[in-house]
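Remarks on the structure that follows.
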Amino acid sequence: MNRNMLRRVELAWPVKDRKLRQRIIDECLVSYLHDDRDAWTLEADGHYERAPHVIDGLGAQKALMARYAPTRNR
């Protein structure tokens, strides 16, 4: 897969507000920590094998989209 490594811009900054930091962890980071859709496991002999994952589970991207999708009842 071709990656945009030459024109890429990434930035980070500290989140000092405790409530906001916890919200970011709960709403975003947890989804990524539990995402195993494209995970691989490094075996003792140095080769990689695809890690097992829940077939019906959502990846982090889909979980976040589902969480923030507009609904009619809001």
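Observations on the model:
- Within the chain, helix-based [θ] at 222 nm, where runs of 4 or more DSSP H residues each add -39,500 (n - 2.57), nearest 500: -6500 deg cm²/dmol
- The stretch 18-68: C-alpha gyration tensor shape, a/c 1.5 cut-off, then a/b vs b/c: oblate
- Estimated FRET transfer efficiency (Tyr68, Val9; beta-carbon r; R0 22 Å; 0.05): 0.40
- Estimated inter-spin distance, Lys16 and His47, nm [label 7 Å along Cα→Cβ]: 5.3 nm
- The value of relative contact order for the chain, using C-alpha pairs under 8 Å at least six residues apart, is 24 percent.
- Annotation: peptides 35-45, 3-13, ranked by per-residue average of other Cβ atoms within 10 Å with the highest first, follow the order 35-45, 3-13.
We did not get these values from a lab; they are worked out from the coordinates using the rules stated. All values reported here derive from a predicted model rather than from experimental measurement. Backbone-built Cβ (ideal geometry, glycine too); neighbour counts: all protein chains shown.
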